[in-house]
């Protein structure tokens, strides 16, 4: 099969990926093989390619926003059959035996493996994955190219949103407004939650208002118009944390969503942290992925996206890396 492989990390401008022929995988016991239709592009792919995240496997096939059709099943597979539509996201496998896996918190499993980092991902014609982490998509009416951008930012945003414990009538702050915050906004507004967005980009401010935000501006220039019940911080900017805490009421929660962050300093504990809770988003659970995809289908959440040919992947990664993509999400078409 054809696949884009990463053998050695380098700046994406140096084109470290190679499109080549590799052996086609076969489904083992408990696994399914998926013929990949589309795979979304995520900035995490760039972080891995460039060395911001360590290389855990070489050669490696990147990509973890995968949608395709099951074309082979291994022994003892019960949840999928050939012809089913299925997806694969960041969660690839866990041990299934530790206290976290046994209590429904597999995202904390010390042996968790990630698609496109620990295991080969979706920038290829086929992928094999355990049936218990594959996402069933037969009942999802959205097109594959609309589902792919939901597979990482959408699921991650929903997981962060659940950590806020926001309820109908509460006030939720979103700091940063990219694809992940877009999905949170749509879910929150469907629950009659007021949403207040802080972003530096004039375009993102306009987009947030157009998508239903109750207020959007740059809080470095304009004061948040109310006290928030909870908030989610998306940028990896530790200097944002204390100002956001100061805008959340006592008893409220601030969720930190990035996978890394610059240093966080709380200078005024009594005024800005005391009585508030900080949560961090740590990996994802399959149950949250299943929940979110059902909600996204019901609400018809369709992120802005553009589709590119498989052969253009490396050019797309370069464009995304430099912030020159014309739309929020890029999707690679791999097969029909």
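Determine whether residue 275 is modelled with pLDDT of 95 or more and either out of contact with any strand residue (DSSP E or B) (no Cβ under 8 Å at 6 or more places or on another chain) or in the same structural domain as residue 162 (by TED's automatic domain parsing) (or both).
Yes.
Identify all residues within the range 120-140 that are more than 17 Å from the chain's Cα centre (by Cα) and assigned to a strand (DSSP E or B); write none if there are none.
124, 126, 127, 128, 129, 130, 136, listed by residue number.
Output the residue which, of all residues in the range 301-324 that are assigned to a helix (DSSP H, G or I) and without any contact (Cβ under 8 Å) to a residue 24 or more places away in the chain, is farthest from residue 177 (Cα to Cα). I'd like the intermediate steps shown before the answer.
If we filter the range 301-324 for residues that are assigned to a helix (DSSP H, G or I), which is where we start, we get 310-321.
Pick out the ones that are also without any contact (Cβ under 8 Å) to a residue 24 or more places away in the chain and you get 312, 315, 319.
Numbers: 312: 27, 315: 24, 319: 19 Å.
Among those residues, the one meeting the criterion is 312.
For a quick check of your reading: which strands (runs of 3 or more DSSP E) sit entirely within the range 57-101 and have at least 2 residues that are in contact (Cβ under 8 Å) with a residue 40 or more places away in the chain and more than 21 Å from the chain's Cα centre (by Cα)?
It comes to 66-73.
Given the conditions (1) surrounded by fewer than 17 Cβ atoms within 10 Å (Cβ to Cβ); (2) closer than 16 Å to residue 45 by Cβ; (3) not assigned by TED's automatic domain parsing to the domain that holds residue 159, and given that residue 324 satisfies all but one, which numbered condition is not satisfied?
Residue 324 satisfies every listed condition except (2).
Restricting attention to the range 175-197, which residues are surrounded by fewer than 21 Cβ atoms within 10 Å (Cβ to Cβ) and either without any contact (Cβ under 8 Å) to a residue 40 or more places away in the chain or farther than 27 Å from residue 151 by Cβ (or both)?
189, 191, 192, 194
Out of all the residues in the range 257-265, is one or more surrounded by 19 or more Cβ atoms within 10 Å (Cβ to Cβ) and in the same structural domain as residue 162 (by TED's automatic domain parsing)?
Yes, some residue in the range 257-265 is surrounded by 19 or more Cβ atoms within 10 Å (Cβ to Cβ) and in the same structural domain as residue 162 (by TED's automatic domain parsing).
Among the residues of the range 198-246, which ones are in contact (Cβ under 8 Å) with a residue 60 or more places away in the chain and surrounded by fewer than 22 Cβ atoms within 10 Å (Cβ to Cβ)?
Correct list: 229, 235.
Grab the helices (runs of 4 or more DSSP H) fully contained in the range 178-253, keeping just those with 1 or more residues being closer than 19 Å to residue 279 by Cα.
179-190, 241-246
The conditions are (1) out of contact with any helix residue (DSSP H, G or I) (no Cβ under 9 Å at 6 or more places or on another chain); (2) assigned to a strand (DSSP E or B), and residue 167 fails exactly one of them. Which is it?
(2)
Out of curiosity, is residue 331 assigned to a strand (DSSP E or B) and within 14 Å of residue 150 (Cα to Cα)?
The answer is yes for residue 331.
I'm checking my understanding of the structure. Among residues of the range 1-50 that are in a helix (DSSP H, G or I) and within 25 Å of residue 155 (Cα to Cα), which one is farthest from the chain's Cα centre (by Cα)?
Looking at the filtered set, the residue picked out is 50.
How many residues does the range 278-305 hold that are out of contact with any strand residue (DSSP E or B) (no Cβ under 8 Å at 6 or more places or on another chain) and farther than 17 Å from residue 104 by Cβ? Lay out the reasoning, then the answer.
First pass over the range 278-305, keeping only residues out of contact with any strand residue (DSSP E or B) (no Cβ under 8 Å at 6 or more places or on another chain): 282, 287-288, 291-292, 294-302.
Among the residues that remain, those that are also farther than 17 Å from residue 104 by Cβ are: 294-302.
Counting residues in the range 278-305 that are out of contact with any strand residue (DSSP E or B) (no Cβ under 8 Å at 6 or more places or on another chain) and farther than 17 Å from residue 104 by Cβ gives 9.
The values are calculated or read from the model by the stated rules, or taken from the named source; none is laboratory data. Note that the structure is predicted; figures quoted are calculated from it, not measured. Neighbour counts are summed over all protein chains in view; Cβ atoms, including those assigned to glycine, are modelled from backbone coordinates with ideal geometry.
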